[in-house]
């Protein structure tokens, strides 16, 4: 067929993107203490500032342990979004100050991606952050963005952890101090470093009973001051032990069994072994980040346009090696739990299947498959969590790997007998929060986008059946299916 | 010097399938990759396997249902596809496509709205109808790539990952070795199939392979209940319901980018995700509540006519080049067979693949990319 090229590919992306709905000098993601302070400081210098916070998080998201490891221990009050909005607002007096300083505040609004031109993409008209609330998503332009996304819970797998009542320390604190919506009464807390000690103290302040702290190392780990406060509160610490299992019923956890054999009645097991800086947005935008064991994990390396504050920038450095501590817990739990212990709850991947690089249960496992394992894969190259997750599905679920990504990396390091830091960080991908199609959707896309949209590249010769080439059918084909880049 | 009878440059789906086919014929094969097998578009694509336009189609169609058994590892291959029309214009186009398939002898059924919903329960009343391809299908890209790699190893082949090819040694009109960071690999024949790096690496042999690289994007949702037919296209989207139940979909405008011999620097996705989401919510309205949980991008090389390039060079005469122009995954069982034939027999045994030869570009204008507008954004 005769083709006359116009010099323009009408199916290419250039010029099709809509501008952002709004622009601000500064966008702050996360209205905790650090984020709100950064927003107020900027507003006072005359900058236009948008401060967004995803709390209150919707009930379904909390049920999927997004963004924190809520473990199904939120009360039914969290289903009432109006009441939660008020609770969140009232629990942070600084928000009112921010509004008085001229900061625009959006609660119940998550940031799911930050985008700018760089390697592999030059088509963005300007740098934008993607936002979403319960009704829609939109884009906002910015000069600077401050990430104050906090830190999320490190989850740990043991028999019975995949039931309501096993949760994280950051989620517990959030439910107690911001939502006033925690459903448990009697806790066992895993860990004895500062996080666990603070968790136990906050819980007792809120009238909860802390049955015990459990410490895998031979001695309590936290600061002397916090240890004294915990001792004064009459809370026991069981050292040199780990959790063997959680048992329970339809409502979730009813007891924790320690490796000593001791059984402790409780309705909640709070994993307070570590917090992980929430760097999803930085990593998903290919921003620089580096592992810092004293500050809780991978933290943003920091730059002028995109900066991080609060625990997103790293936990306070007290000289404690968080990675080493987590690895001690992971080794102990791996040594005492059965190989069929679930590691990835969303995809029901067991430790045996993870380390055996076996496919999910809905696929057959022929003999050759059974002979494969992490060990055989290591013959081809170093362990890579992104490869393992595509083969086993660990980390591919609706919680977006929040519950298992750290554990998978630790298990790979242990199994491959390499330092944790040599295991690449499994990539984060936008949207860094699960967002329904109908809310993510751009229902008002540009005419240019609509006009440029083709299922593939819009190359008129590409899909002409080989039998039709050089026949009249070839031209029919082009006229019916293509209007693209050719005259 | 390390070496093998055949050294394959690029552990993507095409190079691995070629290696597997050669290993099945008892050839000693080594596959070299700059990173992990399938780490470019081979492992991140729509998983479609219904390339009726290709001279390799019959072989694609014949091979896929056998692949799990032949490889010994799961590929998640599923048969059939359905194309759903969401506008009057699409309905006209898809019925044209259906008539064309009937003329070519490919079995298709034209479906009314009720029949569409029976096969695709996530579809709504908002469609005009559909076309059921009773041929082709889809599979899981990364799982399939790994299956080829493992099957190749099981047959005695070697895969060397994290070892980028930097060039070639030539002597007497032949490539005698493939150069890598970790030393040379001697070879009797070399297969060059490194996806977006093809043009830059072939240039080192003095061979111009006209290819332009572009970035394309996809999204994936949380799982939905399994539908009778998961290979659902339409509304200018391509994609599939995976065997886990997730909806993985792509389409829409691409971005032309430059890629050098070391490969793509990055594969970022963009807010195009929102436009994919709106179309998918229209195509499958009963899935509109499902969460999008990931997006990703891949880099695809395209030839000027969008058709693959599979050819054996005349000089040096022991080089087979293969670049699949965006349809490499689905055609892989057939492309590997064709490459095996070119390596061992000098000609494809099961199809006339002359149209895939480099000779068709003999008269190509030097400014073919500019003429098509296939240029990176300045």
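The values are calculated or read from the model by the stated rules, or taken from the named source; none is laboratory data. Keep in mind it's a predicted model, so treat the numbers as computed, not measured. Methodologically, a virtual Cβ is constructed for each residue, glycine included, from the backbone with ideal geometry; neighbour enumeration extends over all protein chains shown.
Just a few scattered comments:
- When restricted to residues that are in a helix (DSSP H, G or I) and touching a strand residue (DSSP E or B) at 6+ places or on another chain (Cβ under 8 Å), the range B:360-378 contains 3.
- Only one of the listed residues (A:107, A:85, A:10) is surrounded by fewer than 23 Cβ atoms within 10 Å (Cβ to Cβ) and within 14 Å of another protein chain (Cβ to nearest Cβ). That residue is A:10.
- Evaluation of residue B:257 against (1) within 14 Å of chain A (Cβ to nearest Cβ); (2) over 20 Å from the mean Cα position of the chain (by Cα) (one fails), failing number: (2)
- When the range A:445-468 is filtered for residues that are more than 7 Å from chain B (Cβ to nearest Cβ) and either touching a helix residue (DSSP H, G or I) at 6+ places or on another chain (Cβ under 6 Å) or surrounded by fewer than 16 Cβ atoms within 10 Å (Cβ to Cβ) (or both), the ones remaining, listed by number, are A:446, A:447, A:450, A:451, A:460, A:468.
Yes/no matrix, rows are residues, columns are (1) surrounded by fewer than 23 Cβ atoms within 10 Å (Cβ to Cβ); (2) farther than 21 Å from residue A:242 by Cβ:
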residue	(1), (2)
A:303	yes, yes
A:312	no, yes
A:316	yes, yes
A:327	yes, no
A:330	no, no
A:333	no, no
A:340	yes, no
A:344	no, no
A:353	no, yes
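- Residue check for residue B:378: away from chain A (no Cβ under 12 Å), closer than 30 Å to residue A:119 by Cα and over 22 Å from the mean Cα position of the chain (by Cα): no
- Scanning the range B:343-358 for residues that are assigned to a helix (DSSP H, G or I) and free of Cβ contacts under 8 Å to residues at least 12 places away in the same chain gives a single hit, B:354.
- So residue A:165, is it in contact with a strand residue (DSSP E or B) (Cβ under 6 Å, 6 or more places away or on another chain) and surrounded by 21 or more Cβ atoms within 10 Å (Cβ to Cβ): yes
- Given (1) within 18 Å of the chain's Cα centre (by Cα); (2) over 30 Å from residue B:66 (Cβ atoms); (3) within 14 Å of another protein chain (Cβ to nearest Cβ), index of the condition residue B:222 fails: (1)
- Qualifying residue in the range B:307-322 (condition: touching a residue at least 24 places away in the same chain (Cβ under 8 Å), at the interface with another protein chain (Cβ under 8 Å from one of its Cβ atoms) and in contact with a strand residue (DSSP E or B) (Cβ under 8 Å, 6 or more places away or on another chain)): no
- Per-region count, the range A:381-399, residues closer than 19 Å to residue B:293 by Cα, in contact (Cβ under 8 Å) with a residue 40 or more places away in the chain and in contact with a helix residue (DSSP H, G or I) (Cβ under 8 Å, 6 or more places away or on another chain): 5
- Residue among B:161, B:153, B:146 that alone is touching a helix residue (DSSP H, G or I) at 6+ places or on another chain (Cβ under 7 Å) and either under 17 Å from residue B:321 (Cβ atoms) or modelled with pLDDT of 95 or more (or both): B:146
One line per residue, one yes/no per condition, for (1) surrounded by 21 or more Cβ atoms within 10 Å (Cβ to Cβ); (2) within 14 Å of chain B (Cβ to nearest Cβ); (3) in contact with a strand residue (DSSP E or B) (Cβ under 9 Å, 6 or more places away or on another chain); (4) without any contact (Cβ under 8 Å) to a residue 40 or more places away in the chain:
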residue: A:21; (1), (2), (3), (4): no, yes, yes, no
residue: A:30; (1), (2), (3), (4): yes, no, yes, no
residue: A:43; (1), (2), (3), (4): yes, no, yes, no
residue: A:62; (1), (2), (3), (4): yes, yes, yes, yes
residue: A:73; (1), (2), (3), (4): yes, no, yes, no
residue: A:91; (1), (2), (3), (4): no, no, no, no
residue: A:103; (1), (2), (3), (4): yes, no, yes, no
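- The range A:426-444, subset assigned to a loop (DSSP other than H, G, I, E, B) and over 13 Å from the mean Cα position of the chain (by Cα), residue farthest from the other protein chains (Cβ to nearest Cβ): A:444
- Set B:294, B:240, B:340: member being within 30 Å of residue A:361 (Cβ to Cβ), in contact (Cβ under 8 Å) with a residue 12 or more places away in the chain, more than 7 Å from chain A (Cβ to nearest Cβ) and not in a loop (DSSP other than H, G, I, E, B): B:240
- Subset of the range A:309-328 [in a helix (DSSP H, G or I) and under 21 Å from residue A:38 (Cα atoms)]: A:310, A:311, A:312, A:313
- Residue count for the range B:205-221 under the criterion of being touching a strand residue (DSSP E or B) at 6+ places or on another chain (Cβ under 8 Å) and surrounded by fewer than 23 Cβ atoms within 10 Å (Cβ to Cβ): the result is 4.
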